[in-house]
Amino acid sequence: MDNKELNFTTWNKVAQLYQDNFMDLKQYNESYKFFCDQISDRKAKILDIGCGPGNISKYLIINKPDLQIIGIDFSPNMIELARTNIPQSRLEVLDCREVLRINQIFNGIICGFCIPYLSKEDLEKFISDCYSLLLPKGMAYFSYIEGEYTHSKIETGRSGDTCIVYYYHKSYFDQLLKHNGFEIIGSFQLQYTNSENEKSVQQITISYKIETT
């Protein structure tokens, strides 16, 4: 079983458990609010990548009910949960590695929880793809786990299921964004203890697509 299949199998299996534990987390709200505050168009089009059960989109809809949200996730079970939690959104089963199959341009992209499951090669293509899907000055929200890429490994969750988790240095990630035409305007750090009782830092970066002439 390759890394992609391993992660798919795990996340599809634990969808309900994930919703039960993470649907209403409050510690991310400050970063979500910052993202929302940058979206001036009341009916802005937002793409939620790796939307899971719809936890981030639910926050966005509560605070800006007229947003037009498309959510994608590679787990059919996650999408089924999201259909209940955010029924007003358009939802699709789609791997973020194939995000360009969405033939639309957006005011904002929010990617809260899938970058830790992307290899460096996949991540570099993904950031470029996100740039292509944004309007000029469109907003992008990305989060990842801070650390040495060489320390990326298979981790075992509380359910006993495993997935491969990738780590990235902030300096590398910031440079990747700048290389792809993004201007960083905000960052947040959240400390947490993972299922293996290891302390980690989740880095959140909010940027916009630079207008080109």
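The values are calculated or read from the model by the stated rules, or taken from the named source; none is laboratory data. The structure displayed is predicted, hence computed values, not measured ones. Virtual Cβ from ideal backbone geometry, glycine too; neighbours counted across all protein chains shown. These area figures cover heavy atoms from the full protein model, side chains too; ligands, DNA and RNA do not enter into them. Shrake-Rupley method; radii C 1.70, N 1.55, O 1.52, S 1.80 Å.
For the chain, what relative contact order do you get, as a whole percent, if you take Cα pairs closer than 8 Å and at least 6 residues apart? Once normalised by length, the contact order is 19 percent.
From the alpha carbon centroid of the stretch 120-141 to that of the stretch 159-211 is 14 Å. Other residues lying with their Cβ under 13 Å from the Cβ of P76 contribute a combined charge of -2, Lys and Arg counting +1, Asp and Glu -1.
Can you pull the percent of the stretch 173-213's accessible area that's carbon plus sulfur, 1.4 Å probe, other chains left in place?
42 percent
Note on the chain: with a GNM built from Cα contacts shorter than 10 Å, the maximum mean-square fluctuation among I185, I49, I86 falls on I185. Considering only DSSP beta bridges with both partners in the chain, what is the antiparallel share in %, to the nearest 5? If I count the DSSP bridges inside the chain, around 55 percent turn out antiparallel. Taking Lys and Arg as +1 and Asp and Glu as -1, the other residues whose beta-carbon sits under 12 Å from that of D41 total +4. When the trypsin sites (Lys or Arg not before Pro) in the stretch 32-69 are filtered for DSSP coil states and for at most 16 other beta-carbon atoms within 10 Å of their beta-carbon, the remaining sites are R42, K43. Helix-only arithmetic for the chain: the sum of -39500 (n - 2.57) across DSSP H runs with n ≥ 4, divided by the residue total, places the mean residue ellipticity at 222 nm at -9500 deg cm²/dmol.
Taking the chain as a Gaussian network, Cα atoms linked when under 10 Å apart, which of L94, L17, L134 shows the biggest mean-square fluctuation? Sorting by GNM fluctuation, first place goes to L17. With the chain treated as a Gaussian network of Cα nodes joined by springs under 10 Å, which of G186, G54, G71 yields the largest mean-square fluctuation? In the Gaussian network model the winner is G186.
Please compute the per residue accessible area over the chain with all protein chains in place, 1.4 Å probe, rounded to a whole number of Å².
For the chain, the per-residue accessible area is 49 Å².
Charged side chains reduced to their Cβ positions (Lys and Arg at +1, Asp and Glu at -1) give the chain a dipole of some 540 debye around its Cα centre.
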